[in-house]
């Protein structure tokens, strides 16, 4: 019940947070059976939230172990089907705990559940698919070894954002056609299986994600794409442009365009002064820029509505229920209007 409630609540908050969310290829999601959803990882926690809330399957998903530091938080995260993954930076001794994580994942496959993994292993705002980590392949190999009759479908996902850093941004989720893991499985050759699965999954993801292969010319390519005003939510068309980017002649001189704040922005800030100040203070302490959007989303989905509710209760006390209700609805609507009409 908690998972279902949070899934729909988070989906609602994402609607208020993003100017547009485009979902393509939902028909490629298997209705039943064991499924591994594998995506790129440009936008921290928002990546998994976009997939989980725009998917017919209820799924577990792997998350960095640092989020499970506190017992109460860990209990809550596990209750909504999050599974911790430990990395070297978490300490060499903690890596042994990944055996539990992999064992749990194997059992999920045996039970024909769905599991989401951001297989690049770390987040990065660049518009490209980096090399994938082997974790999901290990889960497949261990499952086939223990349960040889289980079939696992891999659904590659492309996550695309017009801007990871700014608000409001837009996002697209592209689901690719399922890959039957057994088609690439060599029972007595784990190395060949690993190479084959890593390649086919990454190749499919590169079609579903805006992918700039040449890292050295990445910045120049982005400048050109910006000048061409490409649709960053459409990886198919944008990748075609990237393939022929050298043929395009555009004015790539950088010009500083100051984002104009409209009247709605100041109205929302004035009406939300306390949570807005909390966010601005918190923003200064965020060291990893990929987490900015995640923290902004968290504050927007919790502190802002809580503050509006408290103000509504106060208004109800002095002016009555009707005025309080009008105020609460009005507060929500101006935030929605700001999100849907502002430019990044």
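The values are calculated or read from the model by the stated rules, or taken from the named source; none is laboratory data. Computed from a prediction, not measured in an experiment: that's the story for all the values here. In this analysis, Cβ positions are derived from the backbone assuming ideal geometry, glycine residues included, and neighbour counts consider all displayed protein chains.
Residue-level check: of (1) at pLDDT 95 or above; (2) over 28 Å from residue 144 (Cβ atoms); (3) over 21 Å from the mean Cα position of the chain (by Cα), residue 200 misses just (2). The test for being in contact (Cβ under 8 Å) with a residue 12 or more places away in the chain, outside any loop (DSSP other than H, G, I, E, B), more than 23 Å from the chain's Cα centre (by Cα) and surrounded by fewer than 18 Cβ atoms within 10 Å (Cβ to Cβ) holds for residue 194. For beta carbons closer than 8 Å, sequence separation of 6+ or different chains, a first residue in the stretch 219-243 that is surrounded by fewer than 15 Cβ atoms within 10 Å (Cβ to Cβ) and a second that is in a helix (DSSP H, G or I), the qualifying pairs are 228/241; 236/207. Out of 282, 233, 264, 270, one residue alone is closer than 19 Å to residue 169 by Cβ and modelled with pLDDT of 95 or more. It is 233. For residue 114, the test of being touching a helix residue (DSSP H, G or I) at 6+ places or on another chain (Cβ under 6 Å), within 24 Å of residue 58 (Cβ to Cβ), crowded, with 16+ Cβ neighbours inside 10 Å and in contact (Cβ under 8 Å) with a residue 60 or more places away in the chain is failed.
Scan the stretch 180-191 for residues that are touching a strand residue (DSSP E or B) at 6+ places or on another chain (Cβ under 7 Å) and in contact (Cβ under 8 Å) with a residue 40 or more places away in the chain and report the count. Don't jump to the end; show me each part of the working.
Pass one, the stretch 180-191, residues touching a strand residue (DSSP E or B) at 6+ places or on another chain (Cβ under 7 Å): 180-181.
Going one step further and asking which of them are in contact (Cβ under 8 Å) with a residue 40 or more places away in the chain, we end up with 181.
Qualifying residue count, the stretch 180-191: 1.
Within this structure, residue 292 fails the test of being modelled with pLDDT of 85 or more, under 30 Å from residue 211 (Cα atoms), in a loop (DSSP other than H, G, I, E, B) and in the same structural domain as residue 326 (by TED's automatic domain parsing).
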